[in-house]
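None of the figures in this text is laboratory data; all of them are computed from the coordinates on show. This is a predicted model, so every value here is computed, not measured. No Cβ is skipped: glycine too gets one built from the backbone with ideal geometry, and neighbour counts run over all protein chains shown.
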Amino acid sequence: MLVSEQEVFPLNEAVLGIDIAKLSFQAALLVAGKLRSKSFQNSPTGFEQLCDWLNQQQLQHIHACMEATGGYQQALAHYLH
């Protein structure tokens, strides 16, 4: 039996993927089958901007994943944890 994406991730839930580099990172947010993306600086200011952007989406749950690239992900991972 196939299930729809909305059964797996209701409208108030999302999947966040983060592609990280030394100076910046790209966040891709999938909500109800629609992709939203935005770039941020890989810095405490960028981390705050990411959280502000996510809070604007009014989601109850976000399932996040991030690639491990040369340690550049460490600060953001600690910030989000």
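What's the total number of residues in the stretch 31-53 that are surrounded by 11 or more Cβ atoms within 10 Å (Cβ to Cβ), under 13 Å from GLY17 (Cβ atoms) and of a type outside the set (Gly, Ala, Ser)?
Here the count works out to 4.
So which pairs qualify, if the first residue must be in the stretch 50-62 and free of Cβ contacts under 8 Å to residues at least 12 places away in the same chain and at positive phi, the second must be in a loop (DSSP other than H, G, I, E, B) and among the basic types (Lys, Arg), the Cβ gap must be under 9 Å, and the two must be at least 6 apart or on different chains?
Filtered contacts from the stretch 50-62: no entries.
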